[in-house]
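Asks: Pasting a structure here, questions to come.
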C-alpha cells in the first residue's frame, strides 16, 4: 500500500484530535505514517497514534525544531518526501499547517491544496471556494500531493496500526533559523473545547444585543459541551473576544452541529462555517440569508428560544 505522511499536531505531548482524523483519512487511501516533529514524544503518544492506525512513526523529537517558526517542520517533511517517496502528505488546515504545506510545496516542487473538506481516490480533494459560494473537486497535477485538511472533516475511527518507530534527524538550514521563538505564553484552557476542533459550536451575532447577553449563548454551549463562536459584527462591537470570530477573516469551523443565534448569514460568516454537517439557525427575521443554508430554522427571538432550548437539554441529561 502507498505510504501517506501525516504531520502530527500535538500540544505538550498530547496528540490533537485533528491528527486522528488525518490518520483515519490516510488509512482509507493507503498506509498511514505519522511524522512527529519537536519535543514531547512519549509511549502514551505512540499508543494513541497506533490506536488510530499509524503503521509507522517517524520521530524527530529534537527541541531545536520547536525553537524556530514553522520552517523546521517543512524541512523535516521535505527530507522525508525525498527519502520515503510517499504518495501524499496530509497536514491540518490550521494557520501553521497551511504555511508548512506551502513551504513544503516549494521545497519539493509539488502542488498543494488547502482547506480540503474531503479526499477521495486518486487524492481528489473536495473544497469550498469563493467565500463558500462554490464547491469544487481539485487534484494536484505535479509532484507529491500536499493537502491541508480542515479539522472535523473526517470522523476519527480507531484501527490498530503497527506503529513501527523510526528515529529521524534533520539538519536545519540557516534559512529555517531566520525566525526564532523567543517567548511562549501559555493560554489558560477553559472547560470548553477549542473552537476549530469542537464537534458542536454555538455562535452568537448582532442579534445577541450586548456583551452581557452572550451569557445565554455560553449557557447553551455548556449544556451541549460545545465551543462558543461569534460573528464579525459581535466581535467588532466588543461583545466577544476576536479569537472566537467565525468567518472568512476569522476561524473556519466544520463541526457536526453548528447553531447560529442572531446571525444574519452574510457571506463573510458563511465562508467560515457552511461545511458544518448540520446547521441550525435562530433569527427573528424570516428573510435572513442564514436560513438558505440552514438544515433547521427557527424564526423567533433568540432571547426567549435559546434559554428554553438550554432548559430542555438540561432536563434530558
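The values are calculated or read from the model by the stated rules, or taken from the named source; none is laboratory data. It should be emphasised that the depicted structure is a prediction, and the values quoted were computed from it without experimental measurement. When we count neighbours, we look across all protein chains shown, and the Cβ atoms used for this are built from the backbone with ideal geometry, even at glycine.
Asks: Whether any residue in segment 247-255 is on the phi < 0 side of the Ramachandran plot, in a strand (DSSP E or B) and surrounded by 18 or more Cβ atoms within 10 Å (Cβ to Cβ) is what I want to check.
Replies: Yes, that holds for at least one residue.
Asks: On to the next question. Would you mind finding the one in 161, 143 that is assigned by TED's automatic domain parsing to the domain that holds residue 53 and surrounded by 15 or more Cβ atoms within 10 Å (Cβ to Cβ)?
Replies: So the residue among 161, 143 that is assigned by TED's automatic domain parsing to the domain that holds residue 53 and surrounded by 15 or more Cβ atoms within 10 Å (Cβ to Cβ) is 161.
Asks: Right, next: Filter segment 76-101 for residues that are over 22 Å from the mean Cα position of the chain (by Cα) and within 18 Å of residue 175 (Cβ to Cβ) and give the result.
Replies: Those that are over 22 Å from the mean Cα position of the chain (by Cα) and within 18 Å of residue 175 (Cβ to Cβ): 78, 79, 81, 82.
Asks: Considering every residue within segment 54-63, establish whether at least one is assigned to a loop (DSSP other than H, G, I, E, B) and at pLDDT 95 or above.
Replies: Yes; the residues of segment 54-63 include at least one that is assigned to a loop (DSSP other than H, G, I, E, B) and at pLDDT 95 or above.
Asks: Also: If a residue must be in contact with a helix residue (DSSP H, G or I) (Cβ under 6 Å, 6 or more places away or on another chain), under 17 Å from residue 88 (Cα atoms) and free of Cβ contacts under 8 Å to residues at least 60 places away in the same chain, how many such residues does segment 1-28 contain?
Replies: Qualifying residue count, segment 1-28: 1.
Asks: For a quick check of your reading: which strands (runs of 3 or more DSSP E) sit entirely within segment 87-185 and have at least 3 residues that are over 21 Å from residue 71 (Cβ atoms) and in contact with a strand residue (DSSP E or B) (Cβ under 9 Å, 6 or more places away or on another chain)?
Replies: The strands (runs of 3 or more DSSP E) meeting that bar are 112-120, 124-129, 134-138, 164-167.
Asks: Being free of Cβ contacts under 8 Å to residues at least 40 places away in the same chain, under 22 Å from the mean Cα position of the chain (by Cα), within 19 Å of residue 214 (Cβ to Cβ) and assigned by TED's automatic domain parsing to the domain that holds residue 199: is that true of residue 280 here?
Replies: Considered against the rule, which asks whether it is free of Cβ contacts under 8 Å to residues at least 40 places away in the same chain, under 22 Å from the mean Cα position of the chain (by Cα), within 19 Å of residue 214 (Cβ to Cβ) and assigned by TED's automatic domain parsing to the domain that holds residue 199, residue 280 comes out as yes.
Asks: Identify, please: which residue in segment 64-74 is in a helix (DSSP H, G or I) and surrounded by fewer than 21 Cβ atoms within 10 Å (Cβ to Cβ) and is, among those, farthest from the chain's Cα centre (by Cα)?
Replies: If we take residues in segment 64-74 being in a helix (DSSP H, G or I) and surrounded by fewer than 21 Cβ atoms within 10 Å (Cβ to Cβ), then 64 is farthest from the chain's Cα centre (by Cα).
Asks: Return the total of residues in segment 265-317 being in contact with a strand residue (DSSP E or B) (Cβ under 6 Å, 6 or more places away or on another chain) and either crowded, with 22+ Cβ neighbours inside 10 Å or in a loop (DSSP other than H, G, I, E, B) (or both).
Replies: 13
Asks: Let me ask something additional. From the residues in segment 186-234 that are touching a helix residue (DSSP H, G or I) at 6+ places or on another chain (Cβ under 8 Å) and assigned to a loop (DSSP other than H, G, I, E, B), which one is surrounded by the fewest Cβ atoms within 10 Å (Cβ to Cβ)?
Replies: Among residues in segment 186-234 that are touching a helix residue (DSSP H, G or I) at 6+ places or on another chain (Cβ under 8 Å) and assigned to a loop (DSSP other than H, G, I, E, B), the one surrounded by the fewest Cβ atoms within 10 Å (Cβ to Cβ) is 191.
Asks: From the residues in segment 29-55 that are surrounded by fewer than 24 Cβ atoms within 10 Å (Cβ to Cβ), touching a residue at least 40 places away in the same chain (Cβ under 8 Å) and in contact with a helix residue (DSSP H, G or I) (Cβ under 9 Å, 6 or more places away or on another chain), which one is nearest to residue 125 (Cα to Cα)?
Replies: In this case the residue turns out to be 29.
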